[in-house]
1. With a 10 Å radius around each residue's Cβ, average the other Cβ atoms per peptide and rank 256-267, 194-205, highest first.
2. Residue by residue, what Karplus-based ³J(HN,Hα) values in Hz, rounded to whole numbers, does region 379-392 have, using 6.51, -1.76 and 1.60 with θ = phi - 60° and x for Gly and Pro?
3. Taking other Cβ within 10 Å of each residue's Cβ, how do Ser339, Ser288 sort, fewest first?
4. Please pull out the direction-averaged projected area of region 156-317, using the convex hull of its alpha-carbon atoms, in nm² to one decimal place.
5. Tell me which residues come under 5 Å, amide H to amide H, from Arg349 once H is placed; ignore anything under 5 positions away on its chain.
6. Provide the net charge surrounding Thr125, with neighbours chosen by a C-beta distance below 13 Å and charges set as Lys +1, Arg +1, Asp -1, Glu -1.
7. Pulled fully out, how much extra length does the chain show between Arg76 and Val172, if you take 0.36 nm times their separation in residues and subtract their Cα-Cα distance?
Amino acid sequence: MANSSVRVLLLCKDLGTGAAIGRALGKEFEVRISDEFQSEKSNEGQDWCDVVLLDMVASGNGEEPAFLVGTIQQFRRTAPKVPVIALCNEQDSVFVSQVIEQGAYDTVSNPPNMAELRLVLRRATKTRRAEDELDRLRTMAAGNGRLHELLGTSPAMVEVFSLARKIAPCDVNVLVTGETGTGKELLARAIHRMSLRAARPLVAFSCANLPETLIEDELFGHEKGAFTGALASRRGRMESADQGTLFLDEIGDLGIGLQPKLLRVLQERSFERLGSNTPVSVNLRLISASNRNLSEMVQRGSFREDLYYRLNVVQLHLPPLRERREDIPLLAAHFLQESAQQFNRKAKRFSQPALRVLEEYGWPGNVRELENVVQRAVVLADGHTVDLWHLPAGIRPVGDVSPLTRSYEDEVRHFKKRLILRTLQECGWRKAESARALGMARGYLHRLINQLDIRQNEDATASVNGNGNGNGHHPVPDEAVPQFQHAAEFKQIA
């Protein structure tokens, strides 16, 4: 704290008042002022700052209190670790209570006592950095099966996790290699969170499929009038990552014309914005990633050799999922739990046939494809078990799925659907007559029709196959649906 300034994002509708507060704070505080409360500009500031100072009084100007409280809620959602200090009229105790309840770190009376404000800002920043350090230590003390959002117990992943923990505190450039979908950005974020720069921002940018001029503007920024349409100066990703980490994904797609500029940043720690001759100094750590073989690109002359060696101080390779199949059950169970919670579904486990298919599939899309498949299966599953027919046809074995592999809940559901659908058809879709034939109340029959998604144009022989309800189930033979003579017989399964 003694050797670094406190970065403050001051949100205030009255820019003159904001400038006065910024000057009064002094040299120990680096202040950026914005009148954009809920916009991309404020989101960019969240990645840069140590603390947010929200002027609730000068920002009023007719704004509803709910809007200002909503601004705090937005910051708690998008940047939960960034403390928010509110400048407000402390005579309005109800409003102050609302501000604290919505997650503000503290409040200061407005106009502020500058000594008190400096103290609160320092205390909030110190608390935030202590929490970041605690998270870093917890991560380093965690077991080998997890590295932040990355999971794996295979020898290859354990080795990657171990090496990542060793290099994270050392301020060296890292090159992450691996196929698309293996989790390269997650590994970069894990390294940043375990590094000494964890309290500073990690700025991510992908070089894939973008023109060279756009990449240059995104990375280095521009001055006003640098090109047609440049109506104001703009900071690039390099400046935004100052004191933090810059993650460049798909670095192999960086044009040969931009490679010398990136090399200069790594060597000289400075660059110029487009349209400017003034050097901008930066202190950042670079983590780059590629699904291409950069060594082969160097031999072909499409990637600079000196830049390659600068990027590749330490290389971490994430193996494809097909080479670490022992991690598939762990990953699938994790995604199932997350998806069931996200979509409010009942699924808790995989059936043995479904899990066997997941383990044997080749997974060309790697972990990202597995996550999408599990999400789809959880959404389609009605009971507690994800079964074989809940998986996409493309990963299931060729051939029909045996009805005998269905869960008990699905068997009962589809049995009831076939019975009700056939009764409705025999009764000409007259609900009252169908309810009497089944021995149930008409209202209950209506609820079952809605729950089982029964449609009048649906064929009873196809009601449980792919043509009926889209769930990929196969038809139960017609003789498998008996005629009930008494209501009690139906109620045993209903």
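1. So the peptides 256-267, 194-205, ranked by packing, come out 194-205, 256-267.
2. Once θ is set to phi - 60°, the couplings for region 379-392 become 5, 7, 6, 8, x, 8, 10, 8, 9, 4, 6, 7, 7, x Hz.
3. Numbers: Ser339 21, Ser288 26.
In order of increasing Cβ crowding within 10 Å: Ser339, Ser288.
4. Values: hull surface 38.1 nm².
If you wrap the Cα atoms of region 156-317 in a convex hull and average its projections, you get 9.5 nm².
5. Sorted by chain and number, the residues that satisfy this are Val386.
6. Numbers: positive: Arg7, Lys81, Arg118, Arg122, Arg123, Lys126, Arg128, Arg129, Arg200; negative: Glu28, Glu30, Asp50, Asp106, Glu131, Asp132, Glu133.
Local net charge: +2.
7. Working: separation 96, 0.36 × 96 = 34.56 nm, distance 3.22 nm.
Computed gain between Arg76 and Val172 is 31.3 nm.
Bear in mind that the values in this text are calculations on the coordinates, not laboratory data. Bear in mind that the values here come from a model prediction, so they are computed numbers and not experimental data. Virtual Cβ from ideal backbone geometry, glycine too; neighbours counted across all protein chains shown.
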